[in-house]
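Trainee: So that we are looking at the same thing, I have put the structure below in structure tokens.
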Amino acid sequence: MSEKIYPLASTTWDNLEIEAMQSVIASGQFTMGRHVKEFEREFADFFGSKYAVMSNSGSSANLLALAAMRYSSRYDFGARDEVIVPAVSWSTTYYPVTQLGFKLKFVDISLQTLNADLNQVRSAINGKTAGILAVNLLGNPANLLELRELADLHKIFFIEDNCESMGARVDGKFAGTFGDIGTFSTFFSHHISTMEGGVCLTDDLELAQVMTSMRAHGWTRELPAENLVFNKTGDSFDDLFRFILPGYNLRPLELSGAIGKEQLRKLPTLIEGRRKNAEIFMATFEGKDYLQLQVEHSESSWFGFSLILTGPLAGRRSEVVRHLNGIGIDSRPIVAGNFTKNPVMTHLDHSELPALPNSDEIHENGLFVGNHHYEILGAIKALERALDHLAIS
């Protein structure tokens, strides 16, 4: 295979992150501690939320968000158990839904934005609906204002899986702050990287405290003496080992917290670089008869660039991928394509599947290439030459 001329992801670290790690190593405190707490505070402040709960991955953030809905007093579900989800997303958008006793209710996506079709979400709401789990795909915000209004109207919960869209905005407000909880990923290939990591944002104190408890075994240790979940007794020995919720061990490392603080300071510049590349990418491929591009909704943070193969390239995705890989251009499916086509669906509780033609189109003809915080004009032009060549061959 050729040397990579267009990688999918790249590092955003420099000596500042290395120094942050060295300070943790020198301290000897590697488990969750001061740096994680400081990162949580700074992360919440940056995005304009009241509370942040860091975890060991964005997948774990999704798990904590669904667990908070199940175990808080915020909602009385009764017979309502369906959670509306788009059919195109990553696996761990869906798994926590059924793991927490809810049922998946899939809707199709818009081929323009790649996010859930708003009209289908409206139609999917019924007496069984517990909540909406929206996904902001590849940096592009969903119809967050309208989804928030729908959730409030029907008194159901609203969670944003914002793991791919850190820094995106709608009307100046950050994606990931419209839902009752918004989840973020800080894995290597994302907008900022803490090695592994995830964050939940919320303005609801009870939800934050439920997630704090469930992140670490379901105990009371990290909660204040008086809280909205289970008050401490004042016996410090017992309070350190009192279990109140069926929790997990999803704690992040101090290394990740220390790195996160440095990365967060860089985020505005990292997003600015991605948006500049997006202008070049869209101008380069606009009007090509072999591609359909993602339509930006409000202000995307451009995680990557999606390509839906049309015209002379329709039905040729495998050939396109092989050719791109051969010349050093990384590509991937658009997240997981139509997730309902995966064999794991036999293990996931879901309502009857509707027709999902747009998700099917993504599954057969969709792929994406990376974006970066640095200028990638040469890589974009190499991609254009490759696709132009394939389109006429």
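Trainee: Those residues that are of a type outside the set (Gly, Ala, Ser) and either surrounded by fewer than 24 Cβ atoms within 10 Å (Cβ to Cβ) or touching a strand residue (DSSP E or B) at 6+ places or on another chain (Cβ under 8 Å) (or both), I need them from segment 194-208; list them, please.
Mentor: Taking segment 194-208 and keeping what is of a type outside the set (Gly, Ala, Ser), we get 194-196, 199-207.
Passing the criteria: 195, 196, 199, 200, 201, 202, 203, 204, 205, 206, 207.
Trainee: Turning to a different aspect of this structure: Could we say that residue 194 is hydroxyl-bearing (Ser, Thr, Tyr), in a loop (DSSP other than H, G, I, E, B), without any contact (Cβ under 8 Å) to a residue 60 or more places away in the chain and farther than 30 Å from residue 308 by Cα here?
Mentor: When the stated conditions are applied, residue 194 does not pass them.
Trainee: I've got another one for you. What about residue 308, is it farther than 23 Å from residue 112 by Cα, buried (at least 18 other Cβ atoms within 10 Å of the Cβ) and at pLDDT 95 or above?
Mentor: For residue 308, the condition - farther than 23 Å from residue 112 by Cα, buried (at least 18 other Cβ atoms within 10 Å of the Cβ) and at pLDDT 95 or above - is not met.
Trainee: Right, here's the next one. Could you tell me whether residue 183 is among the polar types (S, T, N, Q) and part of a strand (DSSP E or B)?
Mentor: Spelling it out, residue 183 is indeed among the polar types (S, T, N, Q) and part of a strand (DSSP E or B).
Trainee: Here's another thing I want to ask about it. If you scan segment 364-387, which residues turn out to be surrounded by fewer than 17 Cβ atoms within 10 Å (Cβ to Cβ) and not small (Gly, Ala, Ser)? It would help to see each step written out before you state the result.
Mentor: Our first condition is that a residue be surrounded by fewer than 17 Cβ atoms within 10 Å (Cβ to Cβ); within segment 364-387, this holds for 364, 374-375, 377-378, 381, 384-385.
Residues satisfying the conditions are 364, 374, 375, 377, 381, 384, 385.
Trainee: Scan segment 31-55 residue by residue and report those that are open to solvent by 30 Å² or more (accessible area, probe 1.4 Å) and modelled with pLDDT of 95 or more.
Mentor: The answer is 32, 34, 37, 38, 41, 42, 45, 46, 48, 50, 51.
Trainee: Does segment 332-344 hold any residues that are open to solvent by less than 20 Å² (accessible area, probe 1.4 Å) and not hydrophobic (A, V, I, L, M, F, W, C), and which are they? Explain how you work it out, then say what you get.
Mentor: Quick first cut of segment 332-344, residues open to solvent by less than 20 Å² (accessible area, probe 1.4 Å) only: 334-335, 337-339.
Result: 337, 338.
Trainee: Any chance segment 276-294 includes a residue that's in a loop (DSSP other than H, G, I, E, B) and of a type in the set (A, V, I, L, M, F, W, C)?
Mentor: Checking segment 276-294: at least one residue is in a loop (DSSP other than H, G, I, E, B) and of a type in the set (A, V, I, L, M, F, W, C).
Trainee: Next question, about the same structure. Touching a residue at least 40 places away in the same chain (Cβ under 8 Å), farther than 26 Å from residue 133 by Cα and open to solvent by 10 Å² or more (accessible area, probe 1.4 Å), is that true of residue 276?
Mentor: The answer is yes for residue 276.
Trainee: Something else about it: Give the residues of segment 285-305 that are of a type outside the set (Phe, Trp, Tyr), surrounded by 16 or more Cβ atoms within 10 Å (Cβ to Cβ) and either modelled with pLDDT under 95 or over 27 Å from the mean Cα position of the chain (by Cα) (or both), sorted by residue number.
Mentor: 288
Trainee: Answer yes or no as to whether residue 238 is in contact with a helix residue (DSSP H, G or I) (Cβ under 9 Å, 6 or more places away or on another chain), more than 29 Å from residue 62 (Cβ to Cβ) and either open to solvent by 80 Å² or more (accessible area, probe 1.4 Å) or assigned to a helix (DSSP H, G or I) (or both).
Mentor: No: the conditions fail for residue 238.
Trainee: Could you look through segment 311-331, keep only residues that are of a type outside the set (D, E, K, R) and under 25 Å from the mean Cα position of the chain (by Cα), and pick out the one that is least open to solvent (accessible area, probe 1.4 Å)?
Mentor: My answer is 329.
Trainee: Same structure, new question: When you scan segment 219-227, do you find a residue that is part of a loop (DSSP other than H, G, I, E, B), among the polar types (S, T, N, Q) and more than 23 Å from residue 21 (Cβ to Cβ), even just one?
Mentor: Yes: one or more hits.
Trainee: Related question: Would you mind stating whether residue 285 is closer than 16 Å to residue 367 by Cβ, hydrophobic (A, V, I, L, M, F, W, C) and touching an Asp or Glu at 6+ places or on another chain (Cβ under 6 Å)?
Mentor: no
Trainee: Report, ordered by the first and then the second residue, all pairs with beta carbons closer than 6 Å, sequence separation of six or more or different chains, a first member in segment 288-307 that is under 25 Å from residue 385 (Cβ atoms) and in contact (Cβ under 8 Å) with a residue 60 or more places away in the chain, and a second member that is open to solvent by 50 Å² or more (accessible area, probe 1.4 Å) and among the small types (Gly, Ala, Ser).
Mentor: Within 6 Å, the pairs are 289/311; 290/311.
Trainee: What do you reckon, is residue 77 touching a residue at least 24 places away in the same chain (Cβ under 8 Å) and touching an Asp or Glu at 6+ places or on another chain (Cβ under 8 Å)?
Mentor: no
The values are calculated or read from the model by the stated rules, or taken from the named source; none is laboratory data. As the structure is a computational prediction, the values presented were derived from the model and not from experiment. All Cβ positions, even for glycine, are placed from backbone atoms using ideal geometry, and neighbour counts span all protein chains on display. Ligands, DNA and RNA are excluded from the accessible area calculation, which covers all protein heavy atoms including side chains. Shrake-Rupley method; radii C 1.70, N 1.55, O 1.52, S 1.80 Å.
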